[in-house]
Amino acid sequence: MKKIDCLGDFCPIPGMKAKVAMEKMRPGESVLLVSDHSCAPLNVKDIADEMGCSIELEEVVPGVFEITISKNYPSPHEA
């Protein structure tokens, strides 16, 4: 799994890096984004929703978030 290190990056950088990664992902692929910026989880979730991806969020230590972004397979009615 590819890791995107956004430690020390302020918004909108984590979201922009996540979007670039999502654009390159194929269905079933995942990336791990690590950020210490408190608004990153919400921003990344909004972008993921728009791009057909899902996220799993874990705050691994106070203020440090690991966001696993997964590209979803299209539903049968979208194919």
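The values are calculated or read from the model by the stated rules, or taken from the named source; none is laboratory data. Values in this document were obtained by computation on a predicted structure and should not be read as measured data. Positions of Cβ are backbone-derived with ideal geometry, glycine not excepted, and every protein chain shown enters the neighbour counts. These area figures cover heavy atoms from the full protein model, side chains too; ligands, DNA and RNA do not enter into them. Shrake-Rupley method; radii C 1.70, N 1.55, O 1.52, S 1.80 Å.
Close Cβ contacts (under 7 Å, 6 or more residues apart or on different chains) running from residues in the stretch 49-68 that are under 12 Å from L7 (Cβ atoms) to residues that are part of a helix (DSSP H, G or I) comprise F65/A40; F65/P41. Under the condition of being open to solvent by less than 40 Å² (accessible area, probe 1.4 Å) and either in contact with a Leu (Cβ under 7 Å, 6 or more places away or on another chain) or outside any loop (DSSP other than H, G, I, E, B) (or both), which residue from the stretch 36-58 is nearest to G8 (Cα to Cα)? For the stretch 36-58, the residue satisfying everything is A40. Within the stretch 7-30, the residues that satisfy the criterion of being more than 19 Å from D49 (Cβ to Cβ) and either at pLDDT below 95 or not in a helix (DSSP H, G or I) (or both) are L7, G8, D9, F10. Is it the case that P74 is open to solvent by 40 Å² or more (accessible area, probe 1.4 Å), outside any strand (DSSP E or B), closer than 17 Å to M1 by Cβ and touching a residue at least 40 places away in the same chain (Cβ under 8 Å)? For P74, the condition - open to solvent by 40 Å² or more (accessible area, probe 1.4 Å), outside any strand (DSSP E or B), closer than 17 Å to M1 by Cβ and touching a residue at least 40 places away in the same chain (Cβ under 8 Å) - is not met. Among the residues examined, L33 does not qualify as open to solvent by 60 Å² or more (accessible area, probe 1.4 Å), touching a helix residue (DSSP H, G or I) at 6+ places or on another chain (Cβ under 7 Å) and in a strand (DSSP E or B).
When restricted to residues that are out of contact with any Phe, Trp or Tyr (no Cβ under 7 Å at 6 or more places or on another chain) and hydroxyl-bearing (S, T, Y), the stretch 1-48 contains 2.
Residues in the stretch 6-34 that are over 10 Å from the mean Cα position of the chain (by Cα) and under 12 Å from I67 (Cβ atoms): C6 alone.
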